[in-house]
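Heads up, the thing below is written out as structure tokens.
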Amino acid sequence: MIDTPTLWLTQKIQQNATASSLWLTDENLLKQINGATSRSNNPVVITNRWDIAEQMKIAGFKTEFSDFDLSAIPDASVDHIFYRISKEKAVTHHLINESHRVLQANGKLWICGLKNEGIKTYIEKAASLFGCEKNIQKDGMSYSSLLIKHSENGARLNDDDYANLRECIRIGDKTLLSKPGQFGWNKVDEGSEFLISAISEILASRNLKDCLDLGCGYGYLTFASQHLNIKTRALTDNNAAALATAKANCDRLGINARVVASDAGEKLDVSFDLILCNPPFHQGFSVDEDLTDKFLRNAAKLLESEGVAYFVVNQFIALEKKASPYFKHINLVARNKSFKIVELRKN
């Protein structure tokens, strides 16, 4: 489905971008990435998504993959910034604040989103920071604005100290670091917790060589499965905040593991005898069940011939049917009112 704010933004980029412009983007661009046409004065793309970074490079854009870290960009050095608001409030506030810092006097922020995402409130707050008119334009449920930086001293938006990790999750006697910008960043996901409880007895007597935490987030499945006899571990995710927190938590807890950026494990070139996965089913603000297919397809590719994968998903996702093209053995091992856990084997 076409995201109308992104369509508006790409049109403004084609009309107004210069080599001194920035395009701040996340997963909302994915379904329209083919519309991101290259030209002589491309903006620099900054994204927290590995897949977008890779695809935008192929499209001819200079691209930076980071957790929206703009700290290396000098103050008042950018002429245009193009931004379709993010799902996470702290991310949006962080990027509005950073846009104000790096834009030169009379620099322009092109900002857009949908009504139910709070875009009107974000525009009003940003206009106050910028010292300019709100200039809100409406197109159905899509709202947009061109904000011009007139003030250097406006009140910054509360971004929940976005740039920094913080202690916020307890697992047993351990405290894990996390931060906004990733799914379930400040809690233990009930599905992941259910998965660990279900596999603990199944795998208690197994000696396992390699375990992959596929779509790791801050790394809960890795840390909560330390009681299992697993020799080496790898964690992978598409999201920059998730990768940063997973790496920090492995270091904090002394876990010898590789943390690798990848789109659902797409680019990994090793195999594993155990894969643990709680796949996402949202892409930005929308439900996208195709994500589950991607995780299943890549899990089959990455699983050793005699290996086993355990997926936990919401009850309404037809995982067994989706898994049938990739796995010969598909076994429902546990379920509760909200989740089900499925064991997958190739042989």
Q. If you take the charge dipole of the chain about its Cα centre, with +1 on Lys and Arg Cβ and -1 on Asp and Glu Cβ, which of 121, 90, 232 is farthest toward its positive end?
A. 121
Q: Identify all lysines with a Cα-Cα distance to residue 115 below 19 Å; exclude those on the same chain that are fewer than 8 residues away in sequence.
A: 87, 89, 125, 134, 138
(Q) If you roll a 1.4 angstrom probe over the protein chains with everything in place, what fraction of the accessible area of the chain belongs to carbon and sulfur, to the nearest %? (A) 47
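Taking the stretch 170-296, how many lysine pairs are there with alpha carbons less than 15 Å apart, if each pair must be eight or more places apart or span two chains? Please list the in-between numbers first.
Values: 174/187; 179/187; 179/247; 209/231; 267/294.
Here the count comes out as 5.
Given a cut-off of under 8 Å on Cα pairs at least six residues apart, what relative contact order in percent is computed for the stretch 251-347? Walk me through the numbers on the way to the answer.
Numbers: 154 pairs, mean separation 24.7, N = 97.
RCO, the stretch 251-347: 26 percent.
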Q. Angle, helix 240-253 long axis vs. longest principal axis of the chain, Cα atoms, 0 to 90°, nearest 10?
A. 50
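Please list 86-92, 57-63, 319-325 highest first by mean number of surrounding beta-carbon atoms within 10 Å per residue.
Order by mean packing, descending: 86-92, 319-325, 57-63.
Treat every Asp and Glu Cβ in the chain as -1 and every Lys and Arg Cβ as +1, leave all other atoms uncharged, and give the resulting dipole magnitude about the Cα centre to the nearest 20 debye.
On the way: 42 positive and 42 negative charges, 66 e Å.
My answer is approximately 320 debye.
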(Q) Quick check for you: with a 1.4 Å probe and neighbouring chains kept, what is the accessible area per residue of the stretch 1-82, in Å²? (A) 44
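In square nanometres, what is one fourth of the surface area of the convex hull spanned by the alpha carbons of the chain? Before the final figure, lay out each step's value.
Working: hull surface 71.0 nm².
Dividing the Cα hull surface by four gives the mean projection, 17.7 nm².
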Q: State whether the stretch 1-52 is rounded, prolate or oblate according to the following rule on the C-alpha gyration tensor (a ≥ b ≥ c being the square roots of its eigenvalues): a/c under 1.5 gives rounded; otherwise a/b larger than b/c gives prolate, and the remaining case gives oblate.
A: oblate
(Q) Rolling a 1.4 angstrom probe over the protein chains, ignoring ligands and nucleic acids, what is the accessible area of residue 167 in square angstrom, nearest 10? (A) 120
Q: Normalising by the residue count of the chain, find the relative contact order in percent from Cα pairs under 8 Å and 6+ residues apart.
A: 12
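What does the convex hull of the Cα atoms come to per residue for the stretch 1-91, in Å³? Don't skip to the end; give the middle numbers.
Numbers: hull volume 8.8 nm³, N = 91.
Spelled out: Cα convex hull of the stretch 1-91, divided by residues, is 96 Å³.
For the stretch 181-224, just say rounded, prolate or oblate: build the C-alpha gyration tensor, square-root its eigenvalues into a ≥ b ≥ c, call rounded for a/c under 1.5, and beyond that prolate if a/b exceeds b/c, oblate if not.
Numbers: a/c = 3.42, a/b = 1.69, b/c = 2.02.
It is oblate, given that a/c is not under 1.5 and a/b is not larger than b/c.
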Q: With a probe of 1.4 Å, find how much accessible area the stretch 88-187 has per residue, and write the answer as a whole number in Å².
A: 48
Q) What shape does the stretch 195-347 take by its C-alpha gyration tensor, where a ≥ b ≥ c are the square roots of the eigenvalues and a/c under 1.5 counts as rounded, a/b above b/c as prolate, and the rest as oblate? A) rounded
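The values are calculated or read from the model by the stated rules, or taken from the named source; none is laboratory data. Values in this document were obtained by computation on a predicted structure and should not be read as measured data. Positions of Cβ are backbone-derived with ideal geometry, glycine not excepted, and every protein chain shown enters the neighbour counts. Only protein heavy atoms, including side chains, enter the accessible area calculation; ligands, DNA and RNA are left aside. Shrake-Rupley method; radii C 1.70, N 1.55, O 1.52, S 1.80 Å.
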